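Read-outs throughout are calculated quantities, based only on the coordinates presented, and are distinct from any laboratory measurement. Note that the structure is predicted; figures quoted are calculated from it, not measured. Note: ideal-geometry Cβ built from the backbone for every residue, glycine included; neighbour counts use all protein chains shown.
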Amino acid sequence: MRSILLIVGLALGVATLHAQKRKTENILLVGWDGVRWEEVFTGVDSALMTDPAFTKRSGGMRSQFWNDTVAVRREKLFPFFWSVMARDGQLYGNRTIGNKVDVSNPYNLTGPGFTETLVGFADPAISGNNKVLNNSTNVLEFINKQEGYKGQVAVFAMSNLFDYILNKPRTGLMISCDTDRVDRPEPEFRLLNEMQELGPRPFGERPDLVTYFQAKEYLTLVHPRVMYLEMGETDDYAHAGSYDFYVSTLHSQEAMIASLWNYIQSIPQYKDKTTLLIACDHGRGGQIKSQWTGHGPQIKDSKDIFILAMGPDMPALGEVGTDTQLYQGQMAATFAQFLGLHYVAEHPVLPVITTMFKK
Ligand SMILES: [Zn+2]
């Protein structure tokens with residue numbers, strides 16, 4: 001027993017030593033609803049682009065985003081991912097070269113997917129998008145309880161599912177989603193609250209543009225150390241069967257992520273001390289082209305996802321081409337680890353993605 005305690009003690013000592021050397025002091029996590037790995041790694045899809053059932057402005061899409069070479073095509077759609085993140089960060093999930101990221105829950109739906117990401121395993125309590133307050137500990141409440149992080153975690157989301165996934169009544173996390181106003185005195189929030197109230201809600205939830213600017217203004221004024229930003233119109237346009245709107249939204253939201261990244265480099269608290277992680281809740285169909293609009297347990301390949309990451313503690317592996325398998329639930333322990341925290345809970349927690357850390 002004593003030797004076991006000694007080994008545990010040594011392991012903790014080493015963990016603390018590494019934590020002290022780490023540069024990350026802030027985390028920016030982007031949850032991107034229903035974005036396919038296929039577009040991220042191979043650009044726009046020629047079959048979907050030329051199918052009038054899905055694409056009304058095929059010519060416009062072709063001139064803006066098409067190129068016969070995959071590497072050029074994907075960079076036209078996602079210039080930040082393929083110029084900056086491919087150089088300085090890590091991109092997991094290109095199945096065409098054998099690198100795989102999967103959801104480990106069996107549902108391939110939003111509720112189970114974002115739950116797995118934030119709780120850290122395939123939580124059997126969550127099987128769909130039902131509004132059930134989740135009793136499982138999540139990594140954001142874990143971080144929010146640690147010394148130096150109390151009140152330093154902020155969540156901005158399209159869907160009020162996050163009040164349930166993160167159990168707002170129990171955890172007391174700062175969560176602004178759907179119709180929530182940000183009750184602060186600054187004129188920026190007055191304007192955003194008004195836009196939220198008066199703007200259209202074509203999908204019955206808060207528009208992503210409002211969520212994004214709420215998050216950005218909050219970051220400017222309050223400087224939280226951990227921010228989670230969820231955007232969801234990508235999933236809505238795909239369900240609606242509009243490849244035009246899906247692709248256009250991918251492109252503009254990637255530009256928003258890039259803009260936010262560049263912006264935080266101008267703020268001393270964040271500059272060179274922030275790690276960015278981008279992940280989705282589930283993939284979509286792809287092997288059968290017409291299934292690209294959907295996802296769920298009946299569409300097997302909608303379990304296929306991606307993880308993109310960049311930060312000061314990460315080896316610049318770029319596009320990862322090794323024949324390895326990651327899981328969505330590994331995100332939770334990984335981003336706690338970036339802050340030097342070892343995420344433990346009353347439930348299983350999938351292991352840290354070790355390749356994201358310098359040896
Ligand atoms: Zn969906």
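The table that follows gives values for the structure above.
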{"item": "Helical segments meeting 27 Å axial Cα length and Kyte-Doolittle -0.5 threshold in the chain (DSSP H)", "result": "2-21, 243-264"}
{"item": "Trypsin sites (Lys or Arg not before Pro) restricted to the range 121-188 and DSSP loop, no more than 15 other C-beta within 10 Å", "result": "131, 145, 150, 181"}
{"item": "Under Karplus coefficients 6.51, -1.76 and 1.60, residue-wise ³J(HN,Hα) of the range 223-233 in Hz, glycine/proline x", "result": "6, x, 8, 10, 10, 10, 10, 10, 10, x, 5"}
{"item": "Nitroxide proxy distance, nm - points 7 Å out along Cα→Cβ at residue 104 and residue 317", "result": "1.7"}
{"item": "Candidates 230, 197, 205: whichever shows maximal mean-square fluctuation once the chain is modelled as a Gaussian network with Cα springs under 10 Å", "result": "197"}
{"item": "Nearest-20 debye value, the range 191-257 charge dipole, Cβ charges on Lys, Arg, Asp, Glu", "result": "240"}
{"item": "Set of lysines near residue 56 by C-alpha distance (under 25 Å), chain-local residues within fewer than 8 positions excluded", "result": "76, 289"}
{"item": "Potential extension, residue 181-residue 147 segment - 0.36 nm per residue separation minus Cα distance", "result": "9.4 nm"}
{"item": "Label-point separation, residue 324 to residue 239 (7 Å along Cα→Cβ), nm", "result": "3.5"}
{"item": "Candidate lysines - alpha carbon under 16 Å from residue 273, same-chain residues fewer than 8 apart omitted", "result": "21, 23, 358"}
{"item": "P(r) tail fraction, the chain - alpha-carbon pairs more than 36 Å apart, %", "result": "18"}
{"item": "C-alpha center-to-center spacing [the range 217-289, the range 48-119] in angstrom", "result": "13"}
{"item": "Nitroxide proxy distance, nm - points 7 Å out along Cα→Cβ at residue 220 and residue 71", "result": "3.9"}
{"item": "Coil-residue trypsin sites (Lys or Arg not before Pro) of the range 215-308, DSSP, other Cβ within 10 Å capped at 14", "result": "271"}
{"item": "Value of [θ]222 nm, deg cm²/dmol, for the chain, DSSP H segments ≥ 4, -39500 (n - 2.57) each, nearest 500", "result": "-11000 deg cm²/dmol"}
{"item": "Only Lys, Arg (+1) and Asp, Glu (-1) charged, at Cβ; the range 24-356 dipole about Cα centre in debye", "result": "160"}
{"item": "Neighbour cut-off at most 14 other Cβ (10 Å), DSSP loop, GluC sites (Glu not before Pro), the range 78-150", "result": "147"}
{"item": "Segment residue 64-residue 266, extension gain: residue separation times 0.36 nm, minus the distance between their alpha carbons", "result": "69.7 nm"}
{"item": "Among 71, 122, 238: highest mean-square fluctuation, GNM of the chain, C-alpha pairs under 10 Å", "result": "71"}
{"item": "Per-selection metrics, the range 201-359 (Cα): Rg and Dmax in Å", "result": "17.3, 48"}
{"item": "Sequence-distant aspartates and glutamates (8 or more away, or on other chains) whose Cα lies within less than 18 Å of residue 359", "result": "88, 313"}
